[in-house]
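First comes the structure, then the notes that go with it.
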Amino acid sequence: MQAVYVVKGMTCGHCASSVTEEVSQIPAVRDVRVDLATGHVTVSSESVLDTVDVTRAVSEAGYELTGRV
């Protein structure tokens, strides 16, 4: 499964690393890719993810998930 989320506030490599690290800790997640230019975070997982889990992980990294593409 793959989902693309819109994350507000990411501006640098450190931002991308923080979001990647937090989202990667969700058990079903297999891969996380951050595109700073668009603010999109692409998450690949072995099953459908609960948006609440992704929102929480992004928030713990210090950013705001504002939607899904």
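Any read-out appearing in this document is the output of simple, stated calculations on the displayed coordinates, not a laboratory observation. None of these values were measured; they are calculated from a predicted model. We place every Cβ from the backbone using ideal geometry, glycine too, and count neighbours over all the protein chains shown.
Considering only T55, T20, T11, the mean-square fluctuation computed in a Gaussian network model of the chain, springs between alpha carbons under 10 angstrom, is largest for T11. For the chain, the Kirkwood radius over C-alpha pairs fed into Stokes-Einstein at 37 °C and 0.692 mPa s yields D = 287 µm² per second.
Here the chain is assigned +1 on the Cβ of each Lys and Arg and -1 on the Cβ of each Asp and Glu. Its dipole about the Cα centre then comes out at about 180 debye.
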